[in-house]
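The values are calculated or read from the model by the stated rules, or taken from the named source; none is laboratory data. What you see is a predicted model; the values in this text were computed from it and never measured. Reconstructed Cβ throughout: ideal geometry from the backbone, glycine too, with neighbour counts over all protein chains shown. Accessible surface is based on the protein model in full, side chains and every heavy atom, while ligands, DNA and RNA are left aside. Shrake-Rupley method; radii C 1.70, N 1.55, O 1.52, S 1.80 Å.
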Amino acid sequence: MDVKERIENLRQEIEKHNHAYHVLDDPIISDIEYDRLMQELIELESNYPEYQSDTSPSQKVGGAVLDQFEKVNHTIPMLSLANAFEADDLRAFDQRLRKTHATISYVIEEKIDGLAAALRYEEGHLIQAATRGNGTIGEDITHNVKTIKSVPLRLKKPVSLEVRGEIFMPKAAFLKLNETRKKTDQSIFKNPRNAAAGSIRQLDSKIAAARDLDMYIYSLTETDAKMTRDHINTLAYLRELGFKTNPSTKRVDTIDQVIDNVEEIEERRAAKPYEIDGVVIKVNERKLYESIGYTAKSPKWAIAYKFKAEEVMSRVRSIVFQVGRTGQITPVANLEPVEIQGSTVSRATLHNATFVEEKDIREGDFVTIKKAGDIIPEVVAVIVEKRDDSQPAFAMIDHCPKCETPLERFGSEKDHYCPNPSCPAKQVEGLIHFASREAMNIEGLGTRIIELFYNEGFLKSIADIYRLHQHRDTLVVRAGFGEKSIDKLLKNIEASKTRSLEQLLFGLGIRFVGQKVSKVLAMHFKHISAIVETDENTLLDIDEIGPKIARSVIDYFQEEKNRERIEELDALGLNLEYTGKSLNEGVLKNKTFVLTGTLPTLNRKEAKERIEALGGRVTSAVSQNTDYVCAGEAAGSKLDKAKELGVTVIDEESLLDLLDS
Ligand code: IVH
């Protein structure tokens, strides 16, 4: 089989698996097998640029970076929908329609809270994706939409068409994203819709690729084929082409059935894995659309039933101030407990002083609460009519509630910070973070114990954690701790000394260095001393590291006290190395390999894993530092480069010998 054929086979194979996994939710192969196929495709495409394609599934990982968004004209305007808020509004809608069109039926679709997009395909290839914009002119977001796993880059038939649908971020992805952002001191998204919109409006497609976006297609707007299908069958046709449509969509005959279904959907709302803010009801008979007609803003053959915002009333008992790990001050409302959508809410973040001032929230106020994006409790508004004179206006504190240090505010930022590096609140939060599961994973060392030990003076710094054993005898006699539980804790602390470098790095709480970046740094530098000594350009040369992260890492390790902290941890016996596979003591330790071409029996991934298991490294570019280039069939420019530089070239057989030696 020649390379071109192999590439095409791989593409079809991967497309099949993308569809099975992301559209049908029914995967056929394991993630590892999938990764292997993708890896092979990426390698082949990079070795044979002449066969690259804009709609290859390899494009799903992102990579394209734009300077700006191009404008896109919508040949058919992207309209909005008229709203209904009551069952009666739906009945009125039905009566209007039936006057002129007695025999209609309806299609009921969830109204997903994301953002609308139009996708254009030519001869089956995705050529353009655009936002709604003002309805007439949107923005070109093709580079990002290509990274959405469920969006087919090639259709099952070579048709030309335009479809529209909703791009959204599932609730779980949203929560996870915010969790990570919080841990790395980035601002959090208010709701899944904002997160989806923020991800799609990125110039760098790697960001969208990492964000777990999804898309349901809900209409076919233009096509080169004759369109005689009604709406429900159009959706079935779109599914046949490979699109993901919402499986809960259904057709009914009467408005009473519509209303029953709307109620049912509203009941299931909280349990849905994505946010819905209503139900869209569309006439099923497409051939009637023209005669039913349009207003300037919306079609008359469809209506959006909007769920009532789930707001309940509560009262602000007090407003307290929390100090985060970075010193950021967050006002928090303590509320009289209320039930919203199946959970009890007694606290709501007030974000920052500006938020409280703009809404004029005061202690003692009656307020309406909702779950922002169905998830996070938020104060919507103050019920001013219920105010008497007893509510003092909110005053932002100007000193840290914990250490009394005057607070600072940077430029136009809305947040206040406690600048005191030894602020007890910051230190405690830092310790909690260090011991947390994602960082050093010290079981038993949670918030309560850390606060207690901190207040008693046993635990002032990260290093103190590893000196706790010196206080064993004092601790065991304390109420609440038995000998057993203290010994267990000390054992867990001791065990955490061997954690791999990425966990330690993450635990240090360096700004913008989250779990993923920690791993990247650990794998790249192998030992913390190499990170301490590195420079900005070296950091910027690493794929996943941008200027913000690089600057932050440099700043952190330039601080004397942080360097001392590392030395202290070293002296206490903590592991400072990356203990992942690539550091295994093996015969290939410090040997660098480049793989090129197709090997007869091993695929890329297997070869890489086996080399790394023996301590070797696999890189993608050939340089003076490369020890071996392992070349297979149809090896390209990398082989030439190896010959040019005099790097040892081996075939698979020799590689297997090396691996077995
Ligand atoms: S149909 C002319 N169907 O709701 C028809 N819209 O106000 C327009 N939306 O901008 C869209 N789910 O972003 C349609 N199943 C669905 C929808 C849906 C969400 C959004 C869409 C649109 C807005 C309409």
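State the number of residues belonging to the range 39-65 that are under 21 Å from the mean Cα position of the chain (by Cα) and assigned to a helix (DSSP H, G or I).
Taking the range 39-65 and keeping what is under 21 Å from the mean Cα position of the chain (by Cα), we get 57-65.
Then drop every residue that is not assigned to a helix (DSSP H, G or I), which leaves 57-61.
Of the residues in the range 39-65, 5 are under 21 Å from the mean Cα position of the chain (by Cα) and assigned to a helix (DSSP H, G or I).
Does ALA208 satisfy the criteria of being within 15 Å of the ligand (Cβ to nearest atom) and either open to solvent by less than 20 Å² (accessible area, probe 1.4 Å) or touching a His at 6+ places or on another chain (Cβ under 6 Å) (or both)?
On the way: within 15 Å of the ligand (Cβ to nearest atom): no; either open to solvent by less than 20 Å² (accessible area, probe 1.4 Å) or touching a His at 6+ places or on another chain (Cβ under 6 Å) (or both): yes.
So ALA208 fails the test.
Which one of these does TYR121 not meet: (1) more than 22 Å from GLN202 (Cβ to Cβ); (2) away from the ligand (no atom under 15 Å from the Cβ); (3) surrounded by fewer than 20 Cβ atoms within 10 Å (Cβ to Cβ)?
Condition not satisfied by TYR121: (3).
When you look at LYS71, is it closer than 20 Å to ARG120 by Cα and open to solvent by less than 40 Å² (accessible area, probe 1.4 Å), yes or no?
Judged against the criteria, LYS71 is not a match.
Restricting attention to the range 263-278, and to residues there that are over 25 Å from the mean Cα position of the chain (by Cα) and away from the ligand (no atom under 13 Å from the Cβ), which single residue is least open to solvent (accessible area, probe 1.4 Å)?
That would be GLU266.
Could you tell me whether the range 409-421 includes any residue that is assigned to a loop (DSSP other than H, G, I, E, B), open to solvent by less than 30 Å² (accessible area, probe 1.4 Å) and over 27 Å from PHE189 (Cβ atoms)?
no
Quick check: anything in the range 103-110 modelled with pLDDT under 95, open to solvent by 70 Å² or more (accessible area, probe 1.4 Å) and more than 16 Å from the ligand (Cβ to nearest atom)?
Scanning the range 103-110 turns up at least one residue that is modelled with pLDDT under 95, open to solvent by 70 Å² or more (accessible area, probe 1.4 Å) and more than 16 Å from the ligand (Cβ to nearest atom).
From (1) within 16 Å of the ligand (Cβ to nearest atom); (2) surrounded by fewer than 21 Cβ atoms within 10 Å (Cβ to Cβ); (3) in a helix (DSSP H, G or I), pick out the condition that doesn't hold for GLU240.
Unmet condition: (1).
Restricting the search to the range 124-162, which residues are of a type in the set (Lys, Arg), more than 16 Å from the ligand (Cβ to nearest atom) and crowded, with 17+ Cβ neighbours inside 10 Å? Spell out how you get there, then give the answer.
Within the range 124-162, the first condition is being of a type in the set (Lys, Arg), and the residues that meet it are 132, 146, 149, 154, 156-157.
Checking which are more than 16 Å from the ligand (Cβ to nearest atom) leaves us with 146, 149, 154, 156-157.
Matches in the range 124-162: LYS146, LYS149, ARG154.
Looking at the range 106-120, I want the residues that are touching a residue at least 24 places away in the same chain (Cβ under 8 Å) and over 17 Å from ILE276 (Cβ atoms) and have a partner that is of a type in the set (Gly, Ala, Ser) and more than 7 Å from the ligand (Cβ to nearest atom) with Cβ atoms under 6 Å, at least 6 apart or on another chain. Which pairs are those?
Between residues of the range 106-120 that are touching a residue at least 24 places away in the same chain (Cβ under 8 Å) and over 17 Å from ILE276 (Cβ atoms) and residues that are of a type in the set (Gly, Ala, Ser) and more than 7 Å from the ligand (Cβ to nearest atom), the close pairs are ALA117/ALA129; ALA118/ALA130; LEU119/ALA129.
Taking interchain pairs and intrachain pairs at least six residues apart, which have beta carbon atoms under 8 angstrom, with the first residue in the range 235-263 and within 24 Å of VAL159 (Cα to Cα) and the second open to solvent by 20 Å² or more (accessible area, probe 1.4 Å) and of a type in the set (S, T, N, Q)?
Final answer for the pair search is LEU235/THR249.
For the range 138-180, name all the residues that are without any contact (Cβ under 8 Å) to a residue 40 or more places away in the chain and not hydrophobic (A, V, I, L, M, F, W, C).
Matches in the range 138-180: THR142, PRO158, LYS176, ASN178, GLU179.
Applying the selection to the range 163-176, what residues are within 9 Å of the chain's Cα centre (by Cα) and open to solvent by less than 30 Å² (accessible area, probe 1.4 Å)?
MET169, ALA173, PHE174
Within the range 21-37, is even one residue in contact with an Asp or Glu (Cβ under 8 Å, 6 or more places away or on another chain) and among the acidic types (Asp, Glu)?
Scanning the range 21-37 turns up no residue that is in contact with an Asp or Glu (Cβ under 8 Å, 6 or more places away or on another chain) and among the acidic types (Asp, Glu).
When the range 71-102 is examined, which residues are found to be more than 9 Å from the ligand (Cβ to nearest atom), hydroxyl-bearing (Ser, Thr, Tyr) and under 37 Å from the mean Cα position of the chain (by Cα)?
THR75
Report, ordered by the first and then the second residue, all pairs with beta carbons closer than 8 Å, sequence separation of six or more or different chains, a first member in the range 273-285 that is under 16 Å from PHE93 (Cα atoms), and a second member that is within 8 Å of the ligand (Cβ to nearest atom) and part of a loop (DSSP other than H, G, I, E, B).
These pairs meet every condition: VAL280/LEU81.
List the number of the failed condition for ASN233; all other conditions in (1) open to solvent by 40 Å² or more (accessible area, probe 1.4 Å); (2) farther than 22 Å from LYS146 by Cα; (3) at pLDDT 90 or above; (4) touching a strand residue (DSSP E or B) at 6+ places or on another chain (Cβ under 8 Å) hold.
So ASN233 meets the others, but not (4).
In the range 374-387, what residues are assigned to a loop (DSSP other than H, G, I, E, B) and at pLDDT 90 or above?
Those that are assigned to a loop (DSSP other than H, G, I, E, B) and at pLDDT 90 or above: ILE383, ARG387.
Quick check on my filter: what residues within the range 609-647 are without any contact (Cβ under 8 Å) to a residue 40 or more places away in the chain and either open to solvent by 70 Å² or more (accessible area, probe 1.4 Å) or assigned to a helix (DSSP H, G or I) (or both)?
Across the range 609-647, the qualifying residues are GLU609, GLU612, ALA613, ARG617, GLN624, ASN625, GLU633, ASP640, LYS641, LYS643, GLU644, LEU645.
Could you identify the single residue in GLU15, GLU43 that is touching a residue at least 40 places away in the same chain (Cβ under 8 Å), farther than 17 Å from ARG604 by Cβ and crowded, with 18+ Cβ neighbours inside 10 Å?
Just a single option satisfies the conditions, and that option is GLU15.
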